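Undergrad: Next up is a structure, given as structure tokens.
The values are calculated or read from the model by the stated rules, or taken from the named source; none is laboratory data. If you're wondering where the values come from, they're calculated on a predicted model, not measured in any experiment. Note that each Cβ is placed from the backbone with ideal geometry, even for glycine, and that neighbours are counted across all protein chains shown.
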Amino acid sequence: MNNGNHKIEEFFCRNMEQIKNPIIKSFLANAKNLYLVEKAILYPTDCNMKMVDETFQSHYIKVQKIKYVSNLIYFYSLDFDKKRRRLHDRFLLIVDEGLTGTGIARNDERIEEGLLDMVEDEQLFQSLKNLTDKQLLILEMIYVKDCSIKAIAETLQTTPQNISNLHRKALKKLHQMLIKEED
Amino acid sequence: MERENNYNEESLLFIENFSPKIKQCLHQTSYQEREDLEQEIKLKIIEKLATKEFINTPSFWDFFT
């Protein structure tokens, strides 16, 4: 037995570094696992080695699962809130059409009209007039004809990125002009 | 069938043990959404534990060469 203790001690001394590894440490913290390992060191038969390996692997998987679930909870809640905020920002609850059937009829007329014909606000009308023809055309296609950026890019024979940029610039310009007028 | 039972028991155990962490993470979102999020997280844990394969486990003796 003394000889056995010596053997075990020697084994652990030799592998000091590995023992410090958290996964090994937590595995050996369990008395049952430690006993299995000691048995395998004293009698390194295939059966004993395999026993240790099997218990170690189930331990390893358990740790992996805990880690995974912990991360899952954290990142899922982050994502969840991100998604919720995005939806909230994008789809505001606004009644933009009449509650009665007239809304639909008005929609049909609109298709024939240009953007400038539809604007009722005097300030906005003036600001729109200050935009370049191309910007006006893009705004019209986006907001009146409901075209996708890609479709517009195809008709104007340019890239979607360009359309997107022009669109953004136009909105920015409008915004600045409107703010200036308010001041 | 037995496998399924095992999964369910395991998932329950995980959910139980992780409930403080779940509660803590609920603060990520506004309070109206917290109940929804809690349910979603639990659902996700059950789903993931049932489908995800944990592989690449090293052998114990690989550490001692």
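Undergrad: Tally time: how many residues in segment A:159-183 are over 21 Å from A:F125 (Cβ atoms) and surrounded by 14 or more Cβ atoms within 10 Å (Cβ to Cβ)?
TA: Final tally of qualifying residues: 4.
Undergrad: Which fully enclosed helices (runs of 4 or more DSSP H) of segment A:45-145 have 2 or more residues being modelled with pLDDT of 85 or more, assigned by TED's automatic domain parsing to the domain that holds A:A29 and within 30 Å of B:I41 (Cα to Cα)?
TA: Once the helices (runs of 4 or more DSSP H) in segment A:45-145 are filtered for at least 2 residues that are modelled with pLDDT of 85 or more, assigned by TED's automatic domain parsing to the domain that holds A:A29 and within 30 Å of B:I41 (Cα to Cα), what remains is A:46-90.
Undergrad: Within segment B:21-37, is even one residue modelled with pLDDT of 85 or more, closer than 26 Å to A:H59 by Cβ, more than 10 Å from chain A (Cβ to nearest Cβ) and assigned to a helix (DSSP H, G or I)?
TA: no
Undergrad: Regarding segment B:52-63, can at least one residue be identified that is over 28 Å from A:N21 (Cα atoms), more than 9 Å from chain A (Cβ to nearest Cβ), in a helix (DSSP H, G or I) and free of Cβ contacts under 8 Å to residues at least 12 places away in the same chain?
TA: Within segment B:52-63, none of the residues are over 28 Å from A:N21 (Cα atoms), more than 9 Å from chain A (Cβ to nearest Cβ), in a helix (DSSP H, G or I) and free of Cβ contacts under 8 Å to residues at least 12 places away in the same chain.
Undergrad: With the requirement that a residue be without any contact (Cβ under 8 Å) to a residue 12 or more places away in the chain and among the aromatic types (F, W, Y), what does segment B:1-38 give you?
TA: Across segment B:1-38, the qualifying residue is only B:Y31.
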